[in-house]
1. When you check residue 76 against the structure, is it exposed (fewer than 13 other Cβ atoms within 10 Å of the Cβ) and touching a strand residue (DSSP E or B) at 6+ places or on another chain (Cβ under 9 Å), yes or no?
2. Give the residue that is modelled with the lowest pLDDT, with candidates limited to residues of segment 1-21 that are under 13 Å from residue 41 (Cα atoms) and in a loop (DSSP other than H, G, I, E, B).
3. If a residue must be farther than 15 Å from residue 143 by Cβ and not in a helix (DSSP H, G or I), how many such residues does segment 70-91 contain?
4. Taking into account only those residues within segment 94-121 that are closer than 19 Å to residue 135 by Cα and outside any helix (DSSP H, G or I), which is modelled with the highest pLDDT?
5. Could you look through segment 80-95, keep only residues that are surrounded by fewer than 19 Cβ atoms within 10 Å (Cβ to Cβ) and free of Cβ contacts under 8 Å to residues at least 60 places away in the same chain, and pick out the one that is nearest to residue 15 (Cα to Cα)?
């Protein structure tokens, strides 16, 4: 099954691309090619084309699948979800062939994870000109690359809510090794005897 990007990556890609329902020319290209529509989709797009939001979402899934497959196929070292997402966003933008021949991929596959943010930053030009939008996008991808992956609760474990009006008592963790000191056991036994003695009076 194809590995998919996480929600943080999808939100980043949508924000970076923006949603355009009318075809527009590549802002960094001298001749306007390729024409783009939806969330940065270029396949078969021509001047004058229009699209619906639903079709934009469908195109995004298809285009993103190509990027996800390329990262899964070309990267030979383990990646967490944010690292995978950052690279998928990168490939979504520059194409799989450019990624395949990049110094970034070569360094990463050699185990140099720390080199990725600086290598991403180098890809901020279009037709030789530095683009502010690409500089911002590469910085966001680098931030995503560095971001720790949040721990997701195990949904298989049932969670029982505390009934209303019932105080919640935070008990201290036991000492290392899970054993309580002897004096604490003495107090517990004395308290138990006191409770037994109290009930014996009735």
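The values are calculated or read from the model by the stated rules, or taken from the named source; none is laboratory data. Computed from a predicted model, the values in this text were never measured in an experiment. No Cβ is skipped: glycine too gets one built from the backbone with ideal geometry, and neighbour counts run over all protein chains shown.
1. No; evaluated as a whole, the condition is false for this residue.
2. Applying the filter and picking the extreme gives 18.
3. 5
4. Selected residue: 102.
5. 94
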